[in-house]
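K.L.:
The structure follows.
Derivation of every value follows stated rules applied to the coordinates shown; laboratory data play no part. Everything numeric here is computed off the predicted structure, so don't read it as measured data. All Cβ positions, even for glycine, are placed from backbone atoms using ideal geometry, and neighbour counts span all protein chains on display.
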Amino acid sequence: MSIGTRLFVWVAGPIVLLLLCAGYLEERSSRARLRDELAREGRAISRTVQLAIEDALRDRQLDDVRDLVDAISGYERVLGVRLFGADGGHRYQSQSLTQYPFLNPGSLERVLSTRELVEWRRRIGGQPTISFLLPLVYRDTVIGAVEVIQLESYIEEDVRATRRSIALLTAVMIIATGLTVSIVATLAVARPIERLVATARAIQPMHEEDSPKRRENEFERLDREFREMIARLDAASRSLVAEQAERRRVEANLRSAERLASVGVLAAGLAHEIGTPLNVISGRAEILLRRESSSIVTENTQIITQQVDRISGVVRRLLDFAKARDLQFRETDIHLLLGRVHELLAPEFSRRGLHCGLDLRADLPAIWGDAERLTDVFLNVTVNAMDAMEVGGTLKIWTDLVSAADSSAEATEEFVVVGFDDSGHGISPEIVDRIFDPFFSTKDVGHGTGLGLSVSYGIVTDHGGRMDVDSSPTQGTRMRVWLPLGTPSRPEGPRA
Ligand SMILES: Nc1ncnc2c1ncn2[C@@H]1O[C@H](COP(=O)(O)OP(=O)(O)OP(=O)(O)O)[C@@H](O)[C@H]1O
Ligand SMILES: [Mg+2]
């Protein structure tokens with residue numbers, strides 16, 4: 001119901017009720033007043049008729065009495081007149097009364113005996129009437145009685161006229177109220193609300209199917225529009241916050257990628273420069289080993305060979321890091337790779353008294369990737385977790401399929417997520433941003449090059465994925481590797 005209609009009902013309802021009550025009371029009081037006036041008038045007429053008849057009877061002019069009776073009947077509001085004898089017998093009556101017999105002998109007896117006026121009301125011929133019965137007295141003797149009957153129907157006519165005027169007044173009041181209320185409602189309520197609704201909608205237009213099926217008034221509509229606007233603003237602000245977070249993440253990745261790229265160029269050059277002399281040193285060491293039989297030379301040559309191998313390992317990783325890698329993309333079953341890693345490291349786990357559990361999602365689809373390099377990633381992350389659990393602990397390796405924003409953050413994409421949850425010493429917040437940096441390591445010299453995670457990160461980003469870390473010094477570390485299901489330009493190849 002519109003606010004105009006409501007206001008109209010609220011304002012016009014009481015007015016109509018008030019008018020009806022006033023009309024009813026006015027009708028009652030005017031009916032009583034008119035009856036009173038009519039009775040007084042009737043009494044006066046009856047008294048006059050009584051005196052006139054007594055006068056005529058005194059002169060024994062019976063014809064005059066009849067003429068008088070006939071003349072009075074139909075005059076003003078008089079229906080008719082009846083004459084009775086002293087014995088109560090019926091003597092004469094107006095023509096108009098012939099069909100309606102006298103029905104009140106008790107009153108007649110009372111009038112004849114007490115000489116008092118008696119009046120009563122009855123309906124005659126369907127019309128309300130009032131009868132006045134008076135004694136006729138001649139020389140102090142009651143010689144009969146006269147009944148004057150007056151019509152009361154005039155009262156009903158008056159009352160009907162009053163009713164009509166009240167109904168007319170009520171109708172006029174309703175129309176006037178309706179017009180006033182509708183003008184006020186439109187100018188003062190509906191239009192401002194319409195403007196507010198238009199403003200609320202301007203923030204983001206509503207879809208057609210969102211429009212309400214139920215009829216609602218302006219305030220309900222305003223309330224709904226505002227709630228929808230708040231919901232839209234809320235959704236917009238939440239998506240803005242999410243977009244900002246995603247932007248910050250992409251920017252951080254970009255910065256890190258730029259840093260990695262420059263370090264990569266440096267590392268590639270360095271690896272090349274070191275590679276040749278290393279080959280020479282190891283070649284010479286081999287010649288020495290073959291030619292020299294003295295134990296001191298053999299022992300030292302072996303140490304040289306071992307250290308050269310170690311340097312070669314670092315150089316190889318440097319070259320890996322410097323993107324000197326050639327990825328072989330195949331359809332790859334991640335669970336197969338994790339199984340291999342688990343198998344490979346199981347003896348080491350038990351040697352260190354650690355536990356490793358797999359929680360793999362059953363219906364995980366295969367991805368497009370380089371099985372060997374991804375195994376390197378998983379091995380490195382697992383070894384890091386093992387190193388973090390110096391005093392025992394558990395590593396849980398799990399997989400899942402997740403829909404998330406793609407690298408451009410413009411659409412969502414499906415990712416295979418490989419998680420490594422360890423119960424180790426965690427990473428302190430001060431260094432957590434640096435763990436993917438090349439050569440960043442907290443391990444003792446000779447135990448870690450600090451290249452594991454940066455190389456892994458490079459491999460994963462080459463797959464179109466990403467890595468993230470969530471760690472607290474009390475609860476251990478969760479390292480996640482995100483690998484997209486769909487990779488652009490998939491070369492065909494056998495299953496890994
Ligand atoms: N699961 C983990 N728990 C605690 N710290 C970790 C974890 N994984 C990585 N780190 C921290 O990140 C650093 C960098 O790791 P990264 O694998 O790049 O190098 P590294 O393990 O030190 O050396 P490398 O892997 O070359 O032998 C580690 O030294 C360690 O401080
Ligand atoms: Mg490592």
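K.L.:
Can you give the percent of C-alpha pairs in the range 75-178 whose distance is more than 18 Å? Write down the numbers at each step before the final one.
P.N.:
Working: 3043 of 5356 pairs.
The share of Cα pairs beyond 18 Å in the range 75-178 comes to 57 percent.
K.L.:
Measure nothing but the geometry: give the 0 to 90° angle between the long axis through the Cα atoms of 218-291 and the longest principal axis through the Cα atoms of the chain, rounded to 10°.
P.N.:
0
K.L.:
In nanometres, what is the gap between the two model label sites at R47 and T186, each 7 Å from Cα along Cα-to-Cβ?
P.N.:
6.4
K.L.:
With a ≥ b ≥ c the root eigenvalues of the C-alpha gyration tensor of the range 258-395, is it rounded (a/c under 1.5), prolate (a/b larger than b/c) or oblate?
P.N.:
It is oblate, given that a/c is not under 1.5 and a/b is not larger than b/c.
K.L.:
So how tilted is helix 62-72 from the main axis of the chain? Cα-based, degrees 0 to 90, rounded to 10.
P.N.:
For 62-72 against the chain, the angle is about 20 degrees.
K.L.:
So for I166, I459, I303, fewest C-beta neighbours within 10 Å to most, what's the order?
P.N.:
I303, I166, I459
K.L.:
What is the sum of charges around V69, taking Lys and Arg as +1, Asp and Glu as -1, for the other residues whose C-beta is under 13 Å from the C-beta of V69?
P.N.:
Taking every other residue near V69 into account, the sum is -2.
K.L.:
Before rounding to the nearest 500, sum -39500 (n - 2.57) across all DSSP H runs of length at least 4 in the chain and divide by the residue total; then give [θ] at 222 nm in deg cm²/dmol.
P.N.:
After summing the helix terms and dividing by residue count, I get -19500 deg cm²/dmol.
K.L.:
Picking from T477, T114, V263, whose Cα lies most toward the positive end of the charge dipole for the chain (charges on Cβ: Lys, Arg +1; Asp, Glu -1)?
P.N.:
T114
K.L.:
Next up: Would you mind computing, in nm to one decimal, how far apart the modelled labels at L336 and A171 are, each placed 7 Å from Cα along Cα→Cβ?
P.N.:
For the pair L336/A171, the computed spacing is 9.4 nm.
K.L.:
When Lys and Arg each count +1 and Asp and Glu each count -1, what net charge do the other residues less than 15 Å away from T394, Cβ to Cβ, add up to?
P.N.:
Here the charged neighbours net out to -3.
K.L.:
Along the charge dipole of the chain, which of L254, L453, W368 sits closest to the positive end, that is, farthest toward it, with unit charges on the beta carbon of Lys, Arg, Asp and Glu (+1, +1, -1, -1)?
P.N.:
Value: L254.
K.L.:
Sort V250, V148, V78 by Cβ crowding within 10 Å, fewest neighbours at the top.
P.N.:
Fewest to most other Cβ atoms nearby, the residues stand as V250, V78, V148.
K.L.:
Determine the dipole magnitude for the range 328-496: charges of +1 sit on the beta-carbon of Lys and Arg, -1 on that of Asp and Glu, nothing else is charged, the reference point is the Cα centre, and the result goes in debye to the nearest 20.
P.N.:
360
K.L.:
To the nearest 10 degrees, how steep is helix 153-184 against the longest Cα principal axis of the chain, on a 0 to 90 scale?
P.N.:
20
K.L.:
Which shape class applies to the range 328-496: rounded if a/c is under 1.5, otherwise prolate when a/b exceeds b/c and oblate if not, where a ≥ b ≥ c are the square roots of the Cα gyration tensor eigenvalues?
P.N.:
prolate
K.L.:
To continue, here is another question. What list do you get for R352, R291 if you sort them by fewest beta carbons within 10 Å? If you can, show how the numbers build up before the last one.
P.N.:
Values: R352 14, R291 9.
If I rank by nearby Cβ atoms, fewest first, I get R291, R352.
K.L.:
Semi-axes of the equivalent ellipsoid of the chain: what are they in whole Å, largest first, if each equals the square root of 5 times a C-alpha gyration tensor eigenvalue?
P.N.:
Working through the eigenvalues yields semi-axes of 128, 22, 17 Å.
K.L.:
Right, another one. Could you give the dipole magnitude of the chain about its Cα centre, charging the beta-carbon of Lys and Arg +1 and that of Asp and Glu -1, in debye to the nearest 20?
P.N.:
Using Cβ point charges on Lys, Arg, Asp and Glu, the chain gives about 1120 debye.
K.L.:
Put +1 on the Cβ of each Lys and Arg and -1 on the Cβ of each Asp and Glu in the chain; which of L51, L344, V9 then has its Cα farthest toward the positive end of the dipole?
P.N.:
L51
K.L.:
Write down Rg/Rh for the range 3-158, rounded to two decimals, with Rg from the C-alpha atoms and Rh from the Kirkwood relation over Cα pairs.
P.N.:
Numbers: Rg = 21.7 Å, Rh = 17.6 Å.
Result for the range 3-158 is an Rg/Rh of 1.23.
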